[in-house]
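This report concerns only the one structure given below.
The values are calculated or read from the model by the stated rules, or taken from the named source; none is laboratory data. The shown structure was predicted, so the numbers you read here are calculated from the model rather than taken from an experiment. Cβ coordinates were reconstructed from backbone atoms using ideal geometry, including for glycine residues, and neighbour counts include every protein chain displayed.
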Amino acid sequence: MIYSEKVMDHFRNPRNVGKIEDADGEGEVGNPVCGDIMNITIAVDDADTITDCKFQTLGCGAAIATSSIVTELVKGRNIQDAVKLSKQDVADELDGLPAVKMHCSVLATDGLKVAIDDYLKKHGREPLSGEIKSADPNFDPHGEEESAEGEDD
Amino acid sequence: MGSRYFDHAATTAMDPRVTQAMMPYFTEQFGNPNSLYTLGRDAARALEDARTRVAAGIGAAQPAEVVFTSGGSESDNEAFFSILRKVAPEGGHIITSAYEHDAVLNTAKWLAKHGYDLDLVRPRKDGHVYADDVGALICKDTKLVSIMHSNNEIGAINDIRSIAARAHEAGALMHTDAVQSLGKVPFSVVDLDVDLASFTAHKLHGPKGVGALYLKRGVRFDALIKGGGQETRRRSGTQNVAGAVGFATAIELALADRDSEATRLSALRDRVIDGLTSRLENVQATVTQGDRLPNLASLLVKGVEGESMLLQLDNLGFSVSTGSACSSGSLEPSHVLLAIGVPQVIAHGSLRVSLGRDNTEQDVDDFIEALVPIIEKLRAMSPVYTKMFCGPDAITF
């Protein structure tokens, strides 16, 4: 399992670490039992543009790198556009992720979606994403993965 | 001297004296030890000489009790398959521990799916497997008990002699995986009264790809690897003469310095533990009671994910190991830590520092200086550190 240089760059020098005071939206996803928890806070202006985004993450190198790049990618984007960010977009922006780490990029985009929906709900508007499984503290992101390796039976 | 490599339980560098001893058997002394002409006989002599030296190093009564293998995993597999196919071909009861190396654990689990009854004895919270706990699982159908001499992740050393006595009372055979112990602490197959034991060369500055299975004289055995009947029909395949010579040399070198190194390394190990636990909150040694490997410090660093720690240390040139899920690609944290009752949320932050002959006090001090700010930074980046580990509901082990 080898990380790309870009993953290592974001891991070593994570961008936008922290928590926005009085954030317009906040999302926390992940599960401490699995080892990854992410908190994403966003500031949104009257035109629905994300003006700031910060993260806090407990997790591996990929978890930190995917959180970091998501905060960079969404700044300046409209929420309608930002919510479409997919796990593959995140992985592509990082020049790829090892297969066993793809769930980390799901968490990062999920955290963003929960934050956007939090913002919308606060303003009495309809959420855009519906149910986010990883926002449930008991959700196991590893359960959805398939092993491509040989098995011992 | 001086090295930032702190992962000697994973593997070690070859000692130049080992390399030198092996070289002739790659080049001018390349003969097949099974050939009858001079070149072959010379190779056979070198092989048998190596066998004698390995036998002495593990405390075997006779050189013929040593079977050369490709390493620890093969030795573990041979111990299970070759014994059980002979003494219990139709199935039977086997006991091993829940925190064995995967080479034992996955072999035992495979057998459990194929007609054998398996009981996994749990190590206690102090990190050790107790003879009483093994004894409680033994029944009249128990054929094989396999408990590791020392654990590769947490360094706990088990009382194999007492466990072997329980196995033998019930008529079962006793195997121990001694891969991490050989050359580090006193070890003798005769003193421990085991029937089988696994070893590998590369943990003690020998070559990778060579190991040994101790097979006590008289133990019935049906070879796993069939073929030309080498190793007196116990392990077919042309022997790795250079590897055997390297293994023998490595054992002798390790044993010559063992006691002085054990004293020096245990002081360094405690320096790692004391240095980190005195500088940081929520860091603890995994094992604090009973016998431990002198060179291995296992630490639980709460509120930090192990892979992040490992990669940050690597960035500064330090090599360590972790039992976190994310580091292994297996997605589950270390089965060893879970077996002794470490909560999953803490197991993700485990750190294994395994020291060796090139590590100095200065290296350890540099390591602590490097690691303290890494842990502080990662904890500051975590959304849940304070909530999970600092309040009245703090998660503990």
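So is B:A394 more than 23 Å from the chain's Cα centre (by Cα), within 14 Å of chain A (Cβ to nearest Cβ), at negative phi and of a type in the set (G, A, S) or not?
It is true that B:A394 is more than 23 Å from the chain's Cα centre (by Cα), within 14 Å of chain A (Cβ to nearest Cβ), at negative phi and of a type in the set (G, A, S).
Which count do you get for residues in the range B:30-53 that are in a loop (DSSP other than H, G, I, E, B), in contact (Cβ under 8 Å) with a residue 60 or more places away in the chain and surrounded by fewer than 16 Cβ atoms within 10 Å (Cβ to Cβ)?
2
Could you list, ordered by first residue, the pairs with Cβ atoms under 7 Å in which the first is in the range A:40-56 and farther than 14 Å from A:D110 by Cα and the second is of a type in the set (F, W, Y) and buried (at least 16 other Cβ atoms within 10 Å of the Cβ), at least 6 apart or interchain?
A:V44/A:Y119
For the range B:299-308, how many residues are more than 10 Å from chain A (Cβ to nearest Cβ) and not β-branched (V, I, T)?
3
Determine which single condition A:D52 fails, assuming it passes every other condition in (1) within 12 Å of another protein chain (Cβ to nearest Cβ); (2) of a type outside the set (F, W, Y); (3) in a strand (DSSP E or B); (4) more than 26 Å from B:L313 (Cα to Cα).
The single condition A:D52 does not satisfy is (1).
In the range B:82-108, what count of residues is obtained for those that are more than 18 Å from the chain's Cα centre (by Cα), assigned to a helix (DSSP H, G or I) and surrounded by 20 or more Cβ atoms within 10 Å (Cβ to Cβ)?
So the answer is 3.
If you check B:A370 against the conditions, is it surrounded by 20 or more Cβ atoms within 10 Å (Cβ to Cβ), over 30 Å from B:A250 (Cα atoms) and free of Cβ contacts under 8 Å to residues at least 60 places away in the same chain?
no
All but one of (1) within 13 Å of chain B (Cβ to nearest Cβ); (2) aliphatic (A, V, I, L, M); (3) in a helix (DSSP H, G or I) hold for A:I69; which doesn't?
Condition (1) is where A:I69 drops out.
May I ask you to list the residues in the range B:109-158 that are assigned to a strand (DSSP E or B) and among the hydrophobic types (A, V, I, L, M, F, W, C)?
Across the range B:109-158, the qualifying residues are B:L118, B:L120, B:V121, B:L144, B:V145, B:A156, B:I157.
Checking B:E169 against (1) surrounded by fewer than 17 Cβ atoms within 10 Å (Cβ to Cβ); (2) within 16 Å of B:F247 (Cα to Cα), only one condition comes out false. Which one?
Failed condition: (2).
In contact with a helix residue (DSSP H, G or I) (Cβ under 8 Å, 6 or more places away or on another chain) and assigned to a helix (DSSP H, G or I): does that describe B:G323?
no
How many of the residues making up the range A:34-49 are over 24 Å from A:I2 (Cβ atoms) and over 15 Å from the mean Cα position of the chain (by Cα)?
7
Name the residues in the range A:12-38 that are buried (at least 24 other Cβ atoms within 10 Å of the Cβ), touching a residue at least 40 places away in the same chain (Cβ under 8 Å) and either within 14 Å of chain B (Cβ to nearest Cβ) or in a loop (DSSP other than H, G, I, E, B) (or both), would you?
Of everything in the range A:12-38, those that are buried (at least 24 other Cβ atoms within 10 Å of the Cβ), touching a residue at least 40 places away in the same chain (Cβ under 8 Å) and either within 14 Å of chain B (Cβ to nearest Cβ) or in a loop (DSSP other than H, G, I, E, B) (or both) turn out to be A:G27, A:V29, A:G30, A:C34, A:D36, A:M38.
Tell me yes or no: at least one residue of the range B:373-390 is within 14 Å of another protein chain (Cβ to nearest Cβ), within 19 Å of B:A297 (Cα to Cα) and part of a loop (DSSP other than H, G, I, E, B).
No: zero hits.
Count, please, the residues in the range B:328-337 that happen to be within 11 Å of another protein chain (Cβ to nearest Cβ) and either modelled with pLDDT of 95 or more or crowded, with 24+ Cβ neighbours inside 10 Å (or both).
The number of residues fulfilling the criteria is 1.
Any residue that is under 11 Å from the mean Cα position of the chain (by Cα), under 28 Å from A:G124 (Cβ atoms), assigned to a strand (DSSP E or B) and of a type in the set (A, V, I, L, M, F, W, C) - is there at least one of those in the range A:74-95?
No, the conditions are met nowhere in the range A:74-95.
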